[in-house]
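The values are calculated or read from the model by the stated rules, or taken from the named source; none is laboratory data. All values derive from a computational prediction rather than experimental measurement. Backbone-built Cβ (ideal geometry, glycine too); neighbour counts: all protein chains shown.
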Amino acid sequence: MPPVKWTVLLRIALVAAGLAAGLVVYRAEDRARREQSSRLPYSVWQELAHQQLIQPDMTMRLSFFAEQLRLRLGFEPPGLMHPDHLYDKAVARYERIVLDPRRGVDPAQDNPYAKYRLGIIYALRDYPEQAQPLFLDAARRDPGNEPVYVALARLFSPNVEDDKELQGVLPQLEELPRWLQDTILPRYYELTGHDALAAAARKTATAHQWSFGVWVLIVAAVLLVLAGVGVRLVLAAVWRGAFGTLKRTDAGQARIPLLVPWRLLDAAEMLVVLFAALVLLGLLGGLAIRHFGQAVSDPVTRAGLIAAQYLTFILIGFLIMMRRVKAPTDQKLSVLGLRVVGRLGPLVYAGVAGYSIYLLALMAQGLIVHSTPLAHLEGLQMGIKLLGQQSAMSIVVYLVLLGLVAPVAEELIFRGFVYPALRRYLPPFTAVGLSAIIFGLMHMNSLALVQIVGIGIVLAVLYERTRSVIPCIVCHAMNNILVFCLILLVNY
């Protein structure tokens, strides 16, 4: 066995030191976020609180759309889609979240966003006495949004007598999600004596509820088509496995192994540098947001900041990766897997097929755990938190970033560079699993780790079967675009 070169030992030491430094900085920043607020835990718990509301919010909004179907078309939706059934189901879900017995033990389970939603529902049902404690509890739990909760308490106070008591309330009410504004603004205008504005608000709410339902139907149709493709592929595979026979020409054939001009240490080195860059860029982005405040709160500015962070991250990875790919400049991308093996059509279809099977698995998971299928897909994105309204330009920036830049760049890095390095030394099953775990950990999103690892497995299998990143890019792009559309729909 030849002796290990000192340069290799030095690189291993640098990789270990870089990983340790990145972990130290990440843990320090994580601890600072935890200590930022003693009442409402740091951003991960905020994400979890909003995530809990996706299912009841969508159910409540679907009940409004079902009511519109009944009024506009004279169509009586069947049992499970009846507006009254959907409405009661949403209310029951809010109540379960608010009354969760764990919140008395674990403060992180106390969800102020569910409380004020339930307070609005109670108040609109003419139970203002039950609504007031919910608004006040939400204000105590989430002091950052206290003016909004106080405005709701004033609007739905059982003692409100004239519009003077509601002065200054409207700006706070307009900070609520748009669909909640649709439910309360008519009430505000009625109490302040603006009947014409109340009628206009009801008309706007009706149009918004209708357009939301139409978009839901469009997205549902796309999901059903993709799920149908997945079902067909699964059934075909089961049929071949049960009743098919192995062709003699296939017997004994072995696939050509993956041999690339870089080693596992090269991939580990790049991953550690990327992890350190990710932590540092996240830290700098957080400092910029805290320092400049309102200057970076504009949707376009925030989108530009996120794009700059991500492009810097990708550029660092590409500079390291290209130095390790020992090939002529015009062939580097081909060596990394950006190549057409045979015809382009089958590669594109392979990507669609792979994503269809992944989507089918997500839907099955949702049915098993009795939750809305795809309810957690928004957590798959790295660093994108679309919890507010977006402008047309910021939507375009995110769409280009998620639908084009991220799939191409991440597939070249993780499937084109990291996976072949693992495959040089490991069998397919182990390499696929390990690469998927690395892919999930690099996203640094604990709430969606299982889903990210799941799609990482699909992407690695696609590369293993085709030796091309093109199916992986197609699959990855479909996932990102669908997730982005769902995010926009949730915040519509």
Only one of these conditions is not met by residue 353: (1) surrounded by fewer than 16 Cβ atoms within 10 Å (Cβ to Cβ); (2) in a helix (DSSP H, G or I). Which number is it?
(1)
If you go through 448, 477, the only one that is out of contact with any Cys (no Cβ under 6 Å at 6 or more places or on another chain), within 30 Å of residue 211 (Cα to Cα), in a helix (DSSP H, G or I) and modelled with pLDDT under 85 is 448
Looking only at residues that are surrounded by fewer than 16 Cβ atoms within 10 Å (Cβ to Cβ) and of a type in the set (A, V, I, L, M, F, W, C) in the range 178-209, which one is nearest to residue 167 (Cα to Cα)?
197
If you take the residues of the range 408-427 that are at pLDDT below 90 and basic (Lys, Arg), which of them is nearest to residue 454 (Cα to Cα)?
423
Given the conditions (1) out of contact with any Ser or Thr (no Cβ under 6 Å at 6 or more places or on another chain); (2) crowded, with 18+ Cβ neighbours inside 10 Å, and given that residue 489 satisfies all but one, which numbered condition is not satisfied?
(2)
Search result, residues across the range 265-297 that are at pLDDT 75 or above and exposed (fewer than 15 other Cβ atoms within 10 Å of the Cβ)
265, 284
Taking the range 451-474 and keeping only residues that are among the small types (Gly, Ala, Ser) and assigned to a helix (DSSP H, G or I), one is left with 454, 456, 460
Does the range 428-444 include one or more residues that are at pLDDT below 85, of a type in the set (Val, Ile, Thr) and not in a loop (DSSP other than H, G, I, E, B)?
no
Answer yes or no: is there a residue in the range 400-411 that is charged (D, E, K, R) and surrounded by fewer than 20 Cβ atoms within 10 Å (Cβ to Cβ).
no
Residue 463 within 21 Å of residue 438 (Cα to Cα) and in contact with a helix residue (DSSP H, G or I) (Cβ under 8 Å, 6 or more places away or on another chain):
yes
By residue number, the members of the range 34-79 that are of a type in the set (A, V, I, L, M) and modelled with pLDDT of 80 or more are 53, 54, 58, 60, 62, 66, 69, 71, 73
